[in-house]
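What follows is one structure encoded as structure tokens, with my remarks underneath.
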């Protein structure tokens, strides 16, 4: 790419050139950029597949959990038509205000938490709340007065469920929020409904109520 960029400048300095020459060179440079971007994308996709397989292999074969909609989620479901978008360490906050170390996975349609047990991964537990969360109608919010915290709020149900998550830094929190939001918007583009105005109003009320309940434990 650097060679083509230098060639472009050299061409412009090497005497009169037609507009057509310039357009051809510009188009060639753009094609090179597109090829490089495509290769980078394929490499990243391959690395993500390999990483998800590693996590799957390390997960206890008997580990299983229940999602908020009642659907069971087992180890095999990690690979069942899903793509890994991002993963890394986070902390879950329980009702008593304590933080639990977990390993978070953002997949193409769910966000989930694993915890270590006997050198294996198992699905994390949190006050009888679901720790495999569908991206459908999921809402992400910052935690007020906590620069490392974010709320994951499950909408579209009678009683919205909220999970508070903490990252290692504000920057890491913002990275997670952006990646989760991008994944949610991609689901919206594929026909999954996003939050309605009614959902938003209900969530504002429920968030205040649940936040108050959490503070009462502190």
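The values are calculated or read from the model by the stated rules, or taken from the named source; none is laboratory data. Because the structure is predicted, anything quoted here is derived from the model rather than measured. Don't worry about glycine lacking a Cβ; one is built from the backbone with ideal geometry, like all the others, and counts go over all protein chains shown.
Of the candidates 52, 29, 78, the single residue that is over 25 Å from residue 120 (Cα atoms) and surrounded by 11 or more Cβ atoms within 10 Å (Cβ to Cβ) is 29.
Could you tell me whether residue 87 is part of a strand (DSSP E or B), free of Cβ contacts under 8 Å to residues at least 24 places away in the same chain and in contact with a strand residue (DSSP E or B) (Cβ under 7 Å, 6 or more places away or on another chain)? Spelling it out, it is not the case that residue 87 is part of a strand (DSSP E or B), free of Cβ contacts under 8 Å to residues at least 24 places away in the same chain and in contact with a strand residue (DSSP E or B) (Cβ under 7 Å, 6 or more places away or on another chain).
Okay, residues lined up against (1) within 30 Å of residue 183 (Cα to Cα); (2) modelled with pLDDT under 80; (3) in contact with a strand residue (DSSP E or B) (Cβ under 6 Å, 6 or more places away or on another chain):
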site: 18; (1), (2), (3): no, yes, no
site: 32; (1), (2), (3): yes, no, no
site: 75; (1), (2), (3): yes, no, yes
site: 83; (1), (2), (3): yes, no, no
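Reported count of residues in region 110-135, each being part of a loop (DSSP other than H, G, I, E, B) and surrounded by fewer than 17 Cβ atoms within 10 Å (Cβ to Cβ), is 5. Which is farther than 17 Å from residue 184 by Cβ and either within 17 Å of the chain's Cα centre (by Cα) or at pLDDT below 95 (or both), of 115, 128, 136? On inspection, the qualifying residue turns out to be 128.
Among the residues of region 13-63, those identified as outside any helix (DSSP H, G or I) and under 25 Å from the mean Cα position of the chain (by Cα) are 59, 60, 61, 63. Could you tell me whether any residue of region 97-108 is assigned to a loop (DSSP other than H, G, I, E, B) and more than 16 Å from residue 151 (Cα to Cα)? Checking region 97-108: at least one residue is assigned to a loop (DSSP other than H, G, I, E, B) and more than 16 Å from residue 151 (Cα to Cα).
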